[in-house]
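What follows draws every value from the coordinates through simple rules; no lab data is involved. Note that the coordinates shown come from a computational prediction; the quantities given were computed from them, not determined experimentally. As a convention, Cβ positions derive from the backbone with ideal geometry for all residues, glycine included, and neighbour counts pool all protein chains shown.
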Amino acid sequence: MGLRIDIVTIFPEYFGSPLGVSLIGKAAGRGDIEFRVHDLRRWARDVHHTVDDVPFGGGPGMVMKPDVWGDALDEIIPADGEAARLVVPTPSGVPFSQDMAAGYAAEPRLVFACGRYEGIDGRVVEAMRARMPVDEVSLGDYVLAGGEAAALVMIEAVGRLLPGVLGNVSSAGDDSFGGDGDPAGAMRGLLEGPVYTRPRAWREREVPEVLVSGNHAAIARWRRDMALRRTAAYRPDLIAGLRDLDRRDREVLAEAGFPVSAEDMAH
Ligand code: JD8
């Protein structure tokens, strides 16, 4: 039995095709992942299927009702049923990461609570935390209109780490940010450099010579240099976290404006 993923949303159609295509779709087809999408309005109590109401304390917009969410989650995650981790996407959550994706890939069951409007009444998370692990998770410092897109992103990041989902397992191992249980991932903490394929010359642009040299050591060194340069340029915040830098690494980083002394490396 693979990973079971339940999604609760007022837009169930949002998940129609994305969960049916590509790696994730194939994994679902093989039963490596079992998806269940639930329409929150099924638990609305009035003829208008109302799921939102005005915010206590005033302010803009509407807030999602605790009683509707409570009834939905109580039915989808029964107290005497299979344990589940509840994931609540929110801009005010902990940052999602590759390490979190690896952790979620090892879970038996995930339930994504996708909010809309100004968000879900805060008592829902409190109440659920009394009987299951609950993560409030953010994708990043920008504002979406709801939790659905965030849930899809997290589901793809988790799904590709499941056994058998990615063709040749090795490629998950040396992922950037390499949180998937491969501490020795060569690219751990680094952005990956550019990649190339045929034609060898395109619009008078040649593929870097080293990549067609057959010299695997030189290729690995070139790829690491490119990763170090790109990380220094695009994610300088990651440099301080780099470990086990060799002399050539420090040379490349110094050229990129990040002089890292051997002493620094020791600490
Ligand atoms: C869930 C409602 C919209 C958010 C008023 C706009 C995640 N990284 C992220 N950015 N935004 C979200 C996110 C936004 C959501 C909901 C996640 C539910 N909204 C609200 C507060 C301000 N509107 C997110 N993960």
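Once you reduce the range 57-131 and the range 1-55 to the center of their Cα atoms, the two points are 13 Å from each other.
Which of rounded, prolate or oblate describes the range 39-102 when judged by the alpha-carbon gyration tensor and an a/c cut-off of 1.5? Cα axes put the range 39-102 in the oblate bin.
Looking at the range 185-265, the GluC sites (Glu not before Pro) that sit in a DSSP loop and have at most 15 other Cβ atoms within 10 Å of their own Cβ are E192, E204. Restricting the range 68-175 to trypsin sites (Lys or Arg not before Pro) that sit in a DSSP loop and have at most 11 other Cβ atoms within 10 Å of their own Cβ leaves nothing. Using the Cα gyration tensor of the range 72-153, with a ≥ b ≥ c the square roots of its eigenvalues, what is the shape: rounded (a/c below 1.5), prolate (a/b larger than b/c) or oblate (neither)? It comes out oblate by the Cα gyration axes.
Over the chain, Cα pairs under 8 Å with separation of 6+ residues give a relative contact order of 16 percent.
Averaging 1/r over each pair of different alpha-carbon atoms in the chain and inverting the result gives 21.3 Å, the Kirkwood hydrodynamic radius. Considered as an equivalent ellipsoid built on the Cα gyration tensor, the range 1-95 has semi-axes of 28, 16, 15 Å, the largest given first.
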